[in-house]
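Comments concern the structure below.
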Amino acid sequence: MFHTLDTHLLRSSERAAEPAFVILNMSESDRTYDVAVCGGGPAGIAASVAAARTGAEVILIERYGFLGGMATAGLVNPFMTFFAGSEQIVKGIFQEIIDRLSAKGGWGGPREKWAFDPELLKVTADEICLESGVKLLLHSFVCGADVRRARIASIKVFAKPAPRNIKAKVFVDATGDADLAHLAWVPCEKGRPGDGLTQPMTLNFRVAGVNIERMPPREEINRLYLAARDQGRINCPRDNVLFFFTTREGEVHFNTTRVIKVDGTSARDLTAAEIEGRRQMKQICDFLRTDVPGFEKSYLTAAGTQIGVRETRRIVGQYVLTAEDVLSAAKFHDCVARGSYPIDIHDPDAGGTVIKHLPPGESYDIPYRCLVPLNVSNLLVAGRPISATHEAHSSLRVMPIAFATGQAAGTAAALCARWNISPRDLDVRRLQQELLDQGASLSKSAVALDFKGG
Ligand SMILES: Cc1cc2nc3c(=O)[nH]c(=O)nc-3n(C[C@H](O)[C@H](O)[C@H](O)COP(=O)(O)OP(=O)(O)OC[C@H]3O[C@@H](n4cnc5c(N)ncnc54)[C@H](O)[C@@H]3O)c2cc1C
């Protein structure tokens, strides 16, 4: 069926000369890039910028008309922790994004220091990519892979006016769903052991016009919410109201809707989830206005362009990060990124949330091997779907860590393209040195192990 659509589009495109786009001249699409990054969320932004700054010719392919992934399209906010105690453990391109947001007035709020403005993040992401020399191809969906002898020869991208193939020496899958890895036959896992259910989806939304001084404590808001739920005015499985403040006075961000037992790699499930998320959002907005002091004059200002998807596929890579690694703050000789966010599993089939913290002030290492998939020789994976168990994934999925693994994957991809080697054969000490030179944060033990004088 897809073949028919494809053929039809290709035929129509033969009739007209392709227009030259500002960002990517389509006549260039026959060339072989050094690095093609698929997906422009936190991981993909960092991967493409890092790869371009390491000297690679880079194309970044994103399905939406803007970058940011869950941070913009999913309206996810704020950035979760990037500190272990007083030590900042995610720096590099992530810090540069913060600095650029800050310069635009899009960083930090009166009540939430790590809140950011999603519209200004879109602008910032465009800027940092274009200034670094990344070629952007927006409105383009990666939907196929031509794999020959365990190597991706090209990917198929569904992009107007016609589908096209894009060739690169090395590919980075930053789709959040491991779409390219899956298309290239990399083994992937999904959800928790036993039933394969993934964390629930959430449609994030914001209301403004709130008199924040009059808001009751969180416990009281939860009590009111549960009372309204008992009365049948709210039909949402989540057992409490999760909210954050934003960069704007009088605005509150809700991460409270919950759609369970849906699969983010199925358009059918996503369709049902979007509709259910909006239904819950409307009920919660009505409840806030009628039941919660301070919200009487509140109004809905924004909802995610898409429902937020916490978990889908995870690749099986050369190393699988585990809950024990996270909770014991494990250190690895091939550390390329770090995390300190707890294990945070929103119950896949109910209303609660399981949180398990690392020891205070501690962080864990993410090994390079978690970015290197089995079976395919010219692919790296960044962000949410790197190789980890369901539990470890629930920690490393947050945005600062996605930026960090993206920076590592992009840098690695550029080095592999430069030296014509497979990511499997990359000398990780060279990668670590490059990352340190870019201002990334690696754990002291990894640095001490690999470099004279640390
Ligand atoms: C409801 C919710 C609340 C969260 N809360 C927080 C929080 O408070 N703080 C925090 O730090 N993190 C939070 N997270 C986690 C975080 O937002 C994500 O895990 C993180 O954004 C993952 O980054 P990524 O780059 O790997 O993937 P994504 O952000 O999902 O980006 C993937 C990108 O790839 C694109 N894409 C996907 N498939 C294709 C394709 N086939 N072709 C082309 N493009 C494609 C997408 O459009 C997107 O731009 C939350 C997530 C959710 C869902």
Answer yes if at least one residue in the stretch 326-338 is hydrophobic (A, V, I, L, M, F, W, C), within 16 Å of the ligand (Cβ to nearest atom), touching a His at 6+ places or on another chain (Cβ under 9 Å) and not in a helix (DSSP H, G or I), and no otherwise. no
When you scan the stretch 245-253, do you find a residue that is in a loop (DSSP other than H, G, I, E, B), surrounded by fewer than 19 Cβ atoms within 10 Å (Cβ to Cβ), at pLDDT 95 or above and within 25 Å of the chain's Cα centre (by Cα), even just one? yes
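Conditions (1) closer than 15 Å to T246 by Cα; (2) among the small types (G, A, S), marked per residue:
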residue: V35; (1), (2): no, no
residue: A50; (1), (2): no, yes
residue: G55; (1), (2): no, yes
residue: R63; (1), (2): no, no
residue: G68; (1), (2): no, yes
residue: A71; (1), (2): yes, yes
residue: F79; (1), (2): yes, no
residue: S86; (1), (2): no, yes
residue: F116; (1), (2): yes, no
Any idea which residue in the stretch 229-244 is farthest from N255 (Cα to Cα), counting only those that are touching a residue at least 24 places away in the same chain (Cβ under 8 Å), charged (D, E, K, R) and away from the ligand (no atom under 13 Å from the Cβ)? R233
Which listed residue, of A228, A302, is part of a strand (DSSP E or B) and among the small types (G, A, S): A302
Tally up the residues in the stretch 179-213 that are more than 15 Å from the ligand (Cβ to nearest atom), surrounded by 19 or more Cβ atoms within 10 Å (Cβ to Cβ) and under 14 Å from A150 (Cα atoms), please. 0
Breaking point among (1) over 21 Å from the mean Cα position of the chain (by Cα); (2) under 22 Å from T72 (Cβ atoms), for P237: (2)
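Answer yes if at least one residue in the stretch 437-454 is in a helix (DSSP H, G or I) and touching a strand residue (DSSP E or B) at 6+ places or on another chain (Cβ under 6 Å), and no otherwise.
Among the residues of the stretch 437-454, at least one is in a helix (DSSP H, G or I) and touching a strand residue (DSSP E or B) at 6+ places or on another chain (Cβ under 6 Å), which makes the answer yes.
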Within the stretch 146-178, can you find the residues that are surrounded by fewer than 24 Cβ atoms within 10 Å (Cβ to Cβ), within 9 Å of the ligand (Cβ to nearest atom) and not in a strand (DSSP E or B)? D177
Based on this model, can you work out whether V123 counts as crowded, with 19+ Cβ neighbours inside 10 Å and modelled with pLDDT of 95 or more? no
Hits in the stretch 434-452 - residues which are among the aliphatic types (A, V, I, L, M) and modelled with pLDDT under 70: V447, A448, L449
Can you list residue pairs whose Cβ atoms sit under 6 Å apart, with the first residue in the stretch 393-408 being within 18 Å of I315 (Cα to Cα) and touching a residue at least 40 places away in the same chain (Cβ under 8 Å) and the second being near the ligand (Cβ under 9 Å from one of its atoms) and of a type in the set (S, T, Y)? Count only pairs 6 or more apart in sequence or on different chains. S395/Y341; V398/Y341
Check A417, A388, A440 and return the single one that is within 16 Å of the ligand (Cβ to nearest atom) and surrounded by 22 or more Cβ atoms within 10 Å (Cβ to Cβ). A388
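The values are calculated or read from the model by the stated rules, or taken from the named source; none is laboratory data. These figures come from a predicted structure and were not determined experimentally. Cβ: placed from backbone, ideal geometry, glycine included. Neighbour counts: every protein chain shown.
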